[in-house]
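Nothing in this text is a laboratory measurement; each read-out follows from the coordinates by a stated rule. No experiment lies behind these values; they were computed from the predicted model shown. So basically every Cβ, Gly included, is an ideal-geometry build from the backbone, and we count neighbours across all protein chains shown.
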Amino acid sequence: MHIVDGFRVRYPNEEFDYSRGALEAFKADTLNGLDAAARRQQERALGADLVGWADAFPNRWREFRCQRLTSLVSRLRESVKARRPEAVFSAAVAPDAREARTRRFQDWGSWLQRKLLDVVCPMAYATDSTVFSAQVADARQMAGGRPVWAGIGAYRLSSSETIENIRIARRLGASGVILYSYDSLISLPRGLDYLAQVGRAAFMQ
């Protein structure tokens, strides 16, 4: 069993991050990618309007945020592995890789290709078991042989539904499951009996 904790390595949505630091970094990065004439032209047109730079180069702005997040994941992996080479480095990801990249800038497909992740954990929190199955199957295909721990939205499900999703994930070849979230599973209205039921049915065989 693994105890998993971490932080959200994704943007809330495509409206983030318009902080001054991010916009200044984007402007500098954009200028570096232009020739001298284009730099002068854009400086005259946009000047100090930092949001204007993002609006003028929407595709570059989107890619810039993807790359910054990927760079963060890479640096984190290097730091973790330098301290604890045996540590399992994982990420909880939006289950649809395309949606994850375009709306969350969470390019987990490339993280797998670059071997930045030891395990990928799709947040397959659907309440419909058919949708859940599709999400886990898609993540397994994207992972290309790397371990998948299926994230199950147990906070939205009855104990019997959670047990069924665990069984589905195993049938689809998931290496493990993650029940989200522990706090919700030990609080009312569920209480400790919820986890006991899941434990007996799914883990004590």
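Tell me whether segment 83-96 contains one or more residues that are more than 12 Å from the chain's Cα centre (by Cα), over 30 Å from Phe132 (Cβ atoms), without any contact (Cβ under 8 Å) to a residue 12 or more places away in the chain and outside any loop (DSSP other than H, G, I, E, B).
Looking through segment 83-96, at least one residue is more than 12 Å from the chain's Cα centre (by Cα), over 30 Å from Phe132 (Cβ atoms), without any contact (Cβ under 8 Å) to a residue 12 or more places away in the chain and outside any loop (DSSP other than H, G, I, E, B).
Taking the criterion of being part of a loop (DSSP other than H, G, I, E, B), charged (D, E, K, R) and more than 25 Å from Val93 (Cβ to Cβ), the only residue of segment 11-37 that qualifies is Asp35. Once segment 38-78 is narrowed to residues that are of a type in the set (S, T, N, Q) and surrounded by 11 or more Cβ atoms within 10 Å (Cβ to Cβ), the residue that is farthest from the chain's Cα centre (by Cα) is Gln41. Condition check for Ile152 on (1) under 13 Å from the mean Cα position of the chain (by Cα); (2) touching a residue at least 12 places away in the same chain (Cβ under 8 Å): one failure, at (1). Scanning segment 156-191 for residues that are of a type in the set (A, V, I, L, M), assigned to a loop (DSSP other than H, G, I, E, B) and touching a strand residue (DSSP E or B) at 6+ places or on another chain (Cβ under 7 Å) yields a count of 1.
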